[in-house]
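The values are calculated or read from the model by the stated rules, or taken from the named source; none is laboratory data. Here the structure is a predicted model, which is why all the values come from computation and not from measurement. In this analysis, Cβ positions are derived from the backbone assuming ideal geometry, glycine residues included, and neighbour counts consider all displayed protein chains.
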Amino acid sequence: MLMRNGTDTHIHASQYPNAGIFGKTTLLSWLETYTFPMESSLSDPARAQRVYSRVVARTLSHGTTTAAYYATISVPSTNLLADICLSRGQRAFVGRVCMDCLSPEYYRDESPEQGVLATKECIQHIKSIDPGYNIVSPIITPRFAPSCTSQYLHGLGQLQKETGLPVQTHISENTSEIELVKELFPESKSYTDVYDTHGLLGPKTILAHAVHLSPEERATIKERQCKISHCPTSNSSITSGAAQVRLLLDEGIDVSLGTDMSGGYSPSVLEACRQALLVSRHVAMGTADAEEKENVKLAIEEVLYLATRGGAKAVGLEAKVGGFEVGMEWDAQLVGLDGVPEGDEEEGLQGDDGLGGGTGPVDVFGWESWEDKVAKWVFNGDDRNTLAVWVKGRLVHERR
Ligand SMILES: [Zn+2]
């Protein structure tokens, strides 16, 4: 069967070697223990080449046709990630990570001025390799409020105004982080207000997580038409919380899906789909009202929407990708499911292990409806089922 694009609206390319490694950490200890040392090590171009080539190949193999990537603070290695995405044909928003505090001294921008200049260098590079931003686009990327001084956030807000480029950052992921933001920005009404007062919220802003937002913060996000990247795999992995996706959708806020690898253990958007389904059921289990309990559970169609049209809208590509309408660009994946041979059990078995060396882990017996087949793929499928992937009509991955 053919599926539409898969869009990962929040993924850290530079953390790929750490996928699955998070132990019992929560956000702030995880950053210190695993993330900063790994990211800073990618200033070595050979290492960056090795990691970025693999992460782009790996995400393509999972059907990620578009990704909003965080790279590192290093200009050459961020530029390298953009080069690799362009040559492999993966649509990508590539952000040089901006931070001038919180992280260790060996891994931060020297000053807000230097950070803005370095970001401009990356923008210039991407403009030189893909002038129309047809495949690769820059994205302004303040890591998150606690790792940027107010002066730096102002500089990046100004840069957004000058360039009209998209912005990505994290928001309201975990309660200790929210407390830290309160301490660091005492004059701000809320975490959302920090970004808002620095000119960073608008229709092209992707906010990852949004787990613990207040009603006032949600109202601001809606008014500014920001897009949320829901990252359920990550939120469970590093114990951040369960985002209220139904509430966000009911309030008219645009939601998409992110893997947030390596806060999330998997680079697969399909995994993010199934985790979104499960997290919504955990939200349901914490809901007393019987009707509301049913209502908060997401349906399979809904998570697939978030991963396709929702993702396309989050990155401003809804007119080009996300559906099969005439005139749209061909971003799609071919999904194969194994048909179990007919006949008695003995005849049906093939190969040494009795599984016939088929396509992947999803067995179809032939009596399933299309709806059931899709459900089986969403819950049991993986990259073995992704037989081919196209971006803008170009074959960018084929399973051999
Ligand atoms: Zn993240």
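Selection within the stretch 1-28: residues that are small (Gly, Ala, Ser) and either away from the ligand (no atom under 15 Å from the Cβ) or assigned to a loop (DSSP other than H, G, I, E, B) (or both). The member of this set that is surrounded by the fewest Cβ atoms within 10 Å (Cβ to Cβ) is Gly23. Pairing each residue of the stretch 143-172 that is closer than 20 Å to Ala208 by Cβ and within 16 Å of the ligand (Cβ to nearest atom) with any residue that is at pLDDT below 95 and aliphatic (A, V, I, L, M), provided the two are 6+ apart or on different chains, yields C-beta distances under 8 Å for Pro146/Leu102; Ser147/Leu102.
Each residue in the stretch 166-185 was checked for being surrounded by 19 or more Cβ atoms within 10 Å (Cβ to Cβ) and touching a Phe, Trp or Tyr at 6+ places or on another chain (Cβ under 9 Å), and 12 of them qualify. Within the stretch 52-87, how many residues are under 25 Å from Trp390 (Cβ atoms) and either away from the ligand (no atom under 16 Å from the Cβ) or surrounded by fewer than 22 Cβ atoms within 10 Å (Cβ to Cβ) (or both)? The number of residues fulfilling the criteria is 19.
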